[in-house]
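*Asks:* Below is a structure I'd like to ask you about.
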C-alpha cells in the first residue's frame, strides 16, 4: 500500500472510534517523521473546529468549498509534522459550500503532505460518499458489534458506487472473549482485516489527560495496535516502545517519554521548512486542547 497516500477513514455508524483512529494513525506517522494532514470532511455535522480551539468565525473547509479561502487558510498546525483542516459548524456556511471543490482541496494537500486522512461522516449523503471516491483507499472502522458490522456493508456498497477501493477493516474495542473471530467478521464483509484495536482502560485516562493514546501511554495495548496498524497500512517502519512492566497504573512516565516527539521545532530558520509550514505559524493550536476535544468527542458517542 506504499503508493496510497490519501485515506478515507469511514464507518457505517457513529461512535465506533473513527476519529480516534484517524488521529492516532496520523499521530503515529507524524512521530515517525511523516508529514500528515487530517481533514474533517463531515461537512454537515462537523466538530473538528472545536478540537483545534478555533473561534466560530475562523476559516474552515466550509470557506474553502465556498470559494472564500484557500486550503492553506484553513490548515492549522497541531504539532510537529501534523496539521488539521476543520470543517465549520454553521448551517448557513454549510449551505454555501460546494462539495465538488473537495477534489481540488484534497489534491493540493496530497501534493504537500506525505499522508492525508479524511475523517468521513457517517450516513448517506453526497458529501459523505464523495470522499470515498477521492481517496486512494478507504479504511473501514467498526466495532465487533453486529449492528456496526451490518452497517459497514452499506459503506462498502457506497465506496463501490463512488469508484473507491476498500483498504480493509479495522475493528476497535475488541475483547479476547468475543463470540465471533475477527477474521470471520472480515470474511463476512469480504474485505481484508487490517488490524484490531483492543479495549484499553488507558483510553478513559487519556480523555482526562487530553492526549492521544499513542502519546499518552505509548506502550499500552491500544497504542501499540495503532502503531502496528499505521505500519501495516503504509509500509512505514514505526518503532514500538519497550513494554512497560510496571503494573501500578501510573501513566505519567509514559506520557513524559513521548513528549520529545511533540515538541515544536525551535529552529524557525531551518532551510528544510517548506513555505506551507511557515504559513501555519499563525494558525498553531494547542496540542493538548486538540487531543482533549478529540478524545472527549469519541467518549461521548
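*Asks:* State which residue is modelled with the highest pLDDT when the search covers only the range 80-105 and only residues that are more than 14 Å from residue 43 (Cα to Cα) and surrounded by 21 or more Cβ atoms within 10 Å (Cβ to Cβ).
*Replies:* 81
*Asks:* Restricted to the range 123-141, and to residues that are part of a loop (DSSP other than H, G, I, E, B) and at pLDDT 95 or above, which residue is surrounded by the most Cβ atoms within 10 Å (Cβ to Cβ)?
*Replies:* 135
*Asks:* State the number of residues belonging to the range 186-207 that are farther than 28 Å from residue 166 by Cα and in contact (Cβ under 8 Å) with a residue 24 or more places away in the chain.
*Replies:* The qualifying residues number 5.
*Asks:* Scan the range 259-273 and tell me whether some residue there is over 16 Å from the mean Cα position of the chain (by Cα), surrounded by 13 or more Cβ atoms within 10 Å (Cβ to Cβ) and at pLDDT 70 or above.
*Replies:* Looking for residues that are over 16 Å from the mean Cα position of the chain (by Cα), surrounded by 13 or more Cβ atoms within 10 Å (Cβ to Cβ) and at pLDDT 70 or above, one finds none in the range 259-273, hence no.
*Asks:* Looking only at helices (runs of 4 or more DSSP H) that fall completely inside the range 171-230, which ones have 1 or more residues that are closer than 22 Å to residue 152 by Cβ and touching a strand residue (DSSP E or B) at 6+ places or on another chain (Cβ under 9 Å)?
*Replies:* On the way: elements: 182-189, 202-209, 213-216.
By residue number, 182-189, 202-209.
*Asks:* Would you check if there is a residue in the range 58-69 being out of contact with any helix residue (DSSP H, G or I) (no Cβ under 7 Å at 6 or more places or on another chain), surrounded by fewer than 21 Cβ atoms within 10 Å (Cβ to Cβ) and at pLDDT below 85?
*Replies:* No, every residue in the range 58-69 fails to be out of contact with any helix residue (DSSP H, G or I) (no Cβ under 7 Å at 6 or more places or on another chain), surrounded by fewer than 21 Cβ atoms within 10 Å (Cβ to Cβ) and at pLDDT below 85.
*Asks:* Here is a further query. When both residues are 6+ apart or on different chains and their Cβ atoms are under 8 Å apart, which pairs have a first residue that lies in the range 155-170 and is at positive phi, and a second that is buried (at least 23 other Cβ atoms within 10 Å of the Cβ) and assigned to a strand (DSSP E or B)?
*Replies:* So the pair list comes out as 168/139; 168/140.
The values are calculated or read from the model by the stated rules, or taken from the named source; none is laboratory data. Predicted, not measured: the structure shown is a model, and the values here were computed from it. Please note: Cβ atoms are built from the backbone with ideal geometry, for glycine as well, and neighbour counts cover all protein chains shown.
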